[in-house]
Amino acid sequence: MNYNIMILVFAQIVFLFVTRYFPERYNILKVVIDGFIVPSFISIAIVFYYAHFISINFVIPLLLVNITAMMISYFEGDISSYIQIIIIAIATTLLFFLGYINIYTMVAIIAFALIMVLLKIFNKFETTNLIYRFIGNLILII
């Protein structure tokens, strides 16, 4: 196993251990660590293990999918939830114009966010963050 992968695995174990002892007032930090940082470390470690390199052009869409999956899991249907999804779409479009992602990735991430939100609203499709990330990463690979 590579040293970089060991560092990522050790860091996510430390994060998961430390979040157990956070006081209640730091709940939002615990949610971000458990729902975004640790899954991102896992995804990057898996990619690094199989690809043996990490490209910024692959990490950025991976992080966007993880952020989108976390937002979809906490989507409640109020105005702030819709604003968060709009901000993800704007950030994805901005990253396309800056050249970090291509047009297909931009469309895939925005479509993933919209389809999952619509499924959650109309069909009451509720599942875990892991399933959302799996679906999003599968869309990115295709």
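Derivation of every value follows stated rules applied to the coordinates shown; laboratory data play no part. Predicted, not measured: the structure shown is a model, and the values here were computed from it.
General observations
- Coupling constants for segment 99-115 follow from the phi torsions by the Karplus curve (6.51 cos²θ - 1.76 cosθ + 1.60, θ = phi - 60°), and in residue order they are x, 7, 9, 8, 5, 5, 5, 4, 5, 5, 5, 5, 5, 4, 5, 5, 5 Hz; glycine and proline get x.
- Each residue of segment 82-88 was assigned a 3J(HN,Hα) from its phi angle through the Karplus curve 6.51 cos²θ - 1.76 cosθ + 1.60 (θ = phi - 60°); the sequence is 5, 5, 4, 5, 5, 5, 4 Hz, with glycine and proline shown as x.
- Residues in segment 33-43 carry Karplus couplings, in order, of 5, 6, x, 10, 5, 5, x, 5, 4, 5, 4 Hz; the curve used is 6.51 cos²θ - 1.76 cosθ + 1.60 with θ = phi - 60°, and Gly or Pro positions show x.
- Of the options (1) 20.8; (2) 9.3; (3) 7.4, only one is mean projected area of the Cα convex hull in nm² as computed from these coordinates, and that is (2).
- Most mobile listed residue (89, 51, 108) in the chain, GNM with C-alpha springs under 10 Å: 51
- For segment 1-44 versus segment 66-108, the gap between their alpha-carbon centres in whole angstrom: 22
- For the chain, the mean residue ellipticity at 222 nm estimated from helices alone is -25000 deg cm²/dmol, where every DSSP H run of n ≥ 4 contributes -39500 (n - 2.57) and the total is divided by all residues, rounded to the nearest 500.
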